[in-house]
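J.: Quick one: this structure, given as structure tokens, is what I'll be asking you about.
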2 protein chains.
Amino acid sequence: MGIRNPGQRAGLTRSAVLAAANDLLAERGLAALTMRAVATRLDVAPNALYSHVANKTALLDDVLDDRLALVTEPDVDGDPAEGLHAVMVSTREVLIDRPDLVPHYLARQGARGPHAQRLGEIMVALLGRAGVTGDDAREALRVLIVYTIGFAALGTGGPLAADETGRNFDRGLRWLLAGIIPG
Amino acid sequence: MGIRNPGQRAGLTRSAVLAAANDLLAERGLAALTMRAVATRLDVAPNALYSHVANKTALLDDVLDDRLALVTEPDVDGDPAEGLHAVMVSTREVLIDRPDLVPHYLARQGARGPHAQRLGEIMVALLGRAGVTGDDAREALRVLIVYTIGFAALGTGGPLAADETGRNFDRGLRWLLAGIIPG
DNA sequence: CAATATAGCTGGACGCTGTACAGTTCGCCA
DNA sequence: TGGCGAACTGTACAGCGTCCAGCTATATTG
């Protein structure tokens, strides 16, 4: 543009880039989330972003994992089934207003970021306290994750209203938990 | 390219376009499925496709629905729970080797094509014969669909091997069906 | 059978994308 | 104080989906 001075530091930060991308996603959706749009919002040249992020896919990965940091941790000492229920509900709530992010998650065959990993560990611990371990735990984990992510992706797009979808999610989740932790 | 004679009919068909797109998806994945690649495969100029397909999104929608035509219909007079189980298993199998298609499905907030609709109706009928009707049926339908699509999307990408994932899917599915159809 | 309308295809182009390259300049550390 | 590495710039490229205008082989009509 000629307005920005060449070579001058804009004080750009990795987390500033993530935040800008996240905001853009929230305000205008995935289609509007282009590297150029993020750069514009930060008043910076498009390629400046590549000093802080490997590429757009990695950027989206990180935005997703940042998002997962907002999942509220359950009471690890309470009832395990209720703890699992709480984690899944919170996860869905956190993801549901970034619906475009979830297909990306699925296309990447699952999240691998630190926050995603932490959630997985918490769930495994809860399952263990409920007497589900080993292969059983791995299977239960996967079922719960797939179910939750699926519901987050479908968002409120079906024939049901928003709060109906929440109750619907809840109901299926309890069916799964009843199967996972019998009695 | 100057090789093809201008104005000459290539005998292009809508279903030929769908087939080419489907093949490309199977052989080289979603990233390789560009309008230009489809056109090249049909030995045609890229914009010729737009005589048969509204745009790329619609093309993907149609490829998906074509795919759903392959789902094997269950015995409508047998045990409803087994019928539902069979439909979901078949759906997952049909989608699992076009894994890129499923995030697209989710991003579009669910399939709406004729074959998808037919599957929905079959499921509702089975649920009805199991005594699940009205809102309960709509909720059960949604839970089953989300679960199945989710597993199709995650494909075999997790920590489990391919056939393990199949058994894993089966297990969770039975939990859900046990909740939907008690007794 | 001749004239006309139409639908299928073409080359070309537009605006947009992600991102590579090389150069400039700043802040920091020896 | 000198130099080095990191941050940022302008520029550019290849590839994308898709629109437009034109040509022509075919179908339709008189």
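J.: For the range A:147-158: of the residues being surrounded by fewer than 22 Cβ atoms within 10 Å (Cβ to Cβ) and at the interface with chain B (Cβ under 7 Å from one of its Cβ atoms), which is nearest to the chain's Cα centre (by Cα)?
T.: Ranking the qualifying residues of the range A:147-158, first place goes to A:Gly155.
J.: Further question on the same structure: So if I check each of A:Leu144, A:Leu176, which one is buried (at least 22 other Cβ atoms within 10 Å of the Cβ) and within 8 Å of chain B (Cβ to nearest Cβ)?
T.: The conditions single out A:Leu176.
J.: Do we have B:Glu139 as of a type in the set (Asp, Glu), assigned to a helix (DSSP H, G or I) and in contact with a helix residue (DSSP H, G or I) (Cβ under 6 Å, 6 or more places away or on another chain) here?
T.: Considered against the rule, which asks whether it is of a type in the set (Asp, Glu), assigned to a helix (DSSP H, G or I) and in contact with a helix residue (DSSP H, G or I) (Cβ under 6 Å, 6 or more places away or on another chain), B:Glu139 comes out as yes.
J.: Here's something else I'd like to know. Just one of the numbered conditions (1) surrounded by 16 or more Cβ atoms within 10 Å (Cβ to Cβ); (2) more than 30 Å from A:Arg167 (Cα to Cα) is not true of A:Leu30; which one?
T.: Here A:Leu30 clears every test but (2).
J.: Would you confirm, using the coordinates I've provided, whether A:Thr72 is under 14 Å from the mean Cα position of the chain (by Cα), without any contact (Cβ under 8 Å) to a residue 24 or more places away in the chain and over 15 Å from A:Asp97 (Cα atoms)?
T.: Spelling it out, A:Thr72 is indeed under 14 Å from the mean Cα position of the chain (by Cα), without any contact (Cβ under 8 Å) to a residue 24 or more places away in the chain and over 15 Å from A:Asp97 (Cα atoms).
J.: Please give the helices (runs of 4 or more DSSP H) falling wholly within the range B:1-120 in which 2 or more residues are away from DNA strand C (no atom under 16 Å from the Cβ) and away from chain A (no Cβ under 14 Å).
T.: In the range B:1-120, the matching helices (runs of 4 or more DSSP H) lie at B:14-28, B:56-68, B:80-96.
Every read-out reported here was derived from the displayed coordinates using simple, explicitly stated rules and does not represent laboratory data. Since we're looking at a predicted model, the values are computed, not measured. Here Cβ is always computed from backbone atoms with ideal geometry, including for glycine, and neighbour counts include all displayed protein chains.
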